[in-house]
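Some notes on the structure that comes next.
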Amino acid sequence: MPQQVIEPRFRGFLSLAAHPEGCAVNVREQVEVIRDSIGVVAPGAGSIGTALVLGSSTGYGLASALVSCFGYGAQTLGVCFEKAPEGDKAGTAGWYNLAEAHRLARADGRVFETINGDAFSTEVKQQVVEALRRLGPVDLVIYSLASPRRKDAAGTVWNSTLKPIGAPYSGKGFDLRGEEVTEASMDPATPDDIESTVKVMGGEDWSDWITTLLDAGVLAPGARTIAYSYIGPDLTAAIYRHGTIGHAKEHLEETAHALDATLRGAIDGAAWVSVNKAVVTQASAAIPAVPLYLSVLMKLMKERGTHEDPIHQVVRMYRDQTAPGVTPTTDEHGRIRLDDWEMEPALQAEIAGIWDGLTTDNFRERADYAAYQQTFHRLFGFDVPGIDYAAPTEVDRPLV
């Protein structure tokens, strides 16, 4: 098997490399969190028969696939779009995450399968249908796709944008390359920008997936589906919740209501949006001010003992909100609110009190940027304790 030394290569919010063993350790640690938090649900009442996770290779989607498989005993089918290793060329972090998940599942006698392809495409939807005809009807569908663009069934390519709506944005930002607090500005979105972002990040594709599965007869009676979303604080509202992405998230929530009605009438099923807390991802790193906000948030939530990574959030969601036989607690808009600890008023007031005074000279002391940076690096398998990054590592790790 080809081995090579994989060195970190970061350019702002981009990583140009992924470390296979670092990613494997990350996955093993998440599985340990599952076992420590909920143990392993025995087959039968309380277990999940088959789970489908759309966007299964990183972040909340990966956590959902792991909790489904290793916590609730589900036959787990994931869909993602990752680059496989080729010869001595390393693959992406998501590929290596799933390679380890497959290895652990196989060793433990569990079913964990992956379809690697464009989840927006009709072809991949049909591949999933065929896989579910073999595995059995699906009980839980998690929609956790995150992509900057989407090619729809008609062949039109849509590109999402991160822009304010109605007025220019001006506010605090953060330059990851220079590690400097800056002033960010952005022109408002055009109607085309808004439409394109909704097409990519709204609920249209989620609805297409559920319709496809329902029409194919591969949704089990009582099947549930959950899509992940985010609202965020007032500090980021102008660029996020009140901007193009927020507009798309509103469409996602509207879609949830429509899907819920359809599923309840057809199979006694249900659909929800889960609003999760802010976490470190490559996508969130590209949003002005979010790395800085997350650095402050991490510091204060750790002090309170309420900090959660995606795996802790998803364990809490499955255990308390969406496990078989559990009826979720929702807000007035029908949303599951896993961001409740982040949005606690006293915490947000403390963040706001720190925010205006943050400068390049003091942000390291007033926020936990070191923790943010390590968490970001760990997304790609770097900065993981116990790994010798000067040693060669096996790069050809298959999904088997």
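The values are calculated or read from the model by the stated rules, or taken from the named source; none is laboratory data. Just so it is clear, the structure is predicted and the values come from calculations on it, not from any experiment. Reconstructed Cβ throughout: ideal geometry from the backbone, glycine too, with neighbour counts over all protein chains shown.
Considering the range 157-200, and only residues there that are of a type in the set (A, V, I, L, M) and closer than 18 Å to K125 by Cα, the residue that is surrounded by the most Cβ atoms within 10 Å (Cβ to Cβ) turns out to be V200.
If you check T359, T329, T306, T322 for being surrounded by fewer than 16 Cβ atoms within 10 Å (Cβ to Cβ) and under 30 Å from G222 (Cα atoms), only one passes: T329. The residues of the range 128-141 that are over 15 Å from T76 (Cβ atoms) and surrounded by 15 or more Cβ atoms within 10 Å (Cβ to Cβ) amount to a single one, V129. Scanning the range 315-332 finds no residues that are over 27 Å from E254 (Cα atoms) and touching a Gly at 6+ places or on another chain (Cβ under 9 Å). The single condition among (1) over 17 Å from the mean Cα position of the chain (by Cα); (2) assigned to a helix (DSSP H, G or I); (3) of a type in the set (A, V, I, L, M, F, W, C) that A101 does not meet is (1).
Of all the numbered requirements in (1) surrounded by 15 or more Cβ atoms within 10 Å (Cβ to Cβ); (2) at pLDDT below 95; (3) in a helix (DSSP H, G or I); (4) not β-branched (V, I, T), P288 misses one, and that requirement is (3). How about the range 62-82: which of its residues are part of a strand (DSSP E or B) and either touching a residue at least 60 places away in the same chain (Cβ under 8 Å) or under 14 Å from the mean Cα position of the chain (by Cα) (or both)? Q75, L77, G78, V79, C80 - these are the residues of the range 62-82 that are part of a strand (DSSP E or B) and either touching a residue at least 60 places away in the same chain (Cβ under 8 Å) or under 14 Å from the mean Cα position of the chain (by Cα) (or both). The criterion of at least 2 residues that are among the charged types (D, E, K, R) and under 21 Å from I115 (Cβ atoms) is met by the following strands (runs of 3 or more DSSP E) wholly inside the range 132-206: 149-151. When the helices (runs of 4 or more DSSP H) confined to the range 310-400 are screened for residues that are under 23 Å from E32 (Cα atoms), in contact (Cβ under 8 Å) with a residue 60 or more places away in the chain and of a type in the set (K, R), those reaching at least 1 such residues are found at 369-378.
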